[in-house]
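**Student:** Handing you a structure now.
A short reminder: the numbers here are calculations on the coordinates, not readings from a lab. This one's a predicted model, so the numbers in the text were calculated from it and none came from an experiment. So basically every Cβ, Gly included, is an ideal-geometry build from the backbone, and we count neighbours across all protein chains shown.
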Amino acid sequence: SGLRPSEAEKLGPYERSKITHKSNAQQNINRIPPIVVDSDVVRCSGAGRPGFGHPVTYYSLNTKVPGSVVSCQYCGLRYVKKLH
């Protein structure tokens, strides 16, 4: 992080956590290929069982650019409409 211990102590807990915790969540989610669907709208809840994911969100795949990938704002899962 480049901070001396005395400098890190002056930071609040949130700022310290950004220094000490390096998340690889985005790398992990990028290993999952986009989910190909036939519909114009996709529903994402982040989990296979109710109550274990995130709020249900709906995403439109009817974009101006066919084949564009849309990512869930909560879990990062990616969806793409199947090209016919």
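**Student:** Out of the residues in the range 50-84 that are more than 14 Å from the chain's Cα centre (by Cα) and buried (at least 16 other Cβ atoms within 10 Å of the Cβ), which is farthest from residue 34 (Cα to Cα)?
**Tutor:** So the residue we want is 61.
**Student:** Looking at the range 22-41, which of its residues are small (Gly, Ala, Ser), loosely packed, with under 11 Cβ neighbours inside 10 Å and in contact (Cβ under 8 Å) with a residue 40 or more places away in the chain?
**Tutor:** 25
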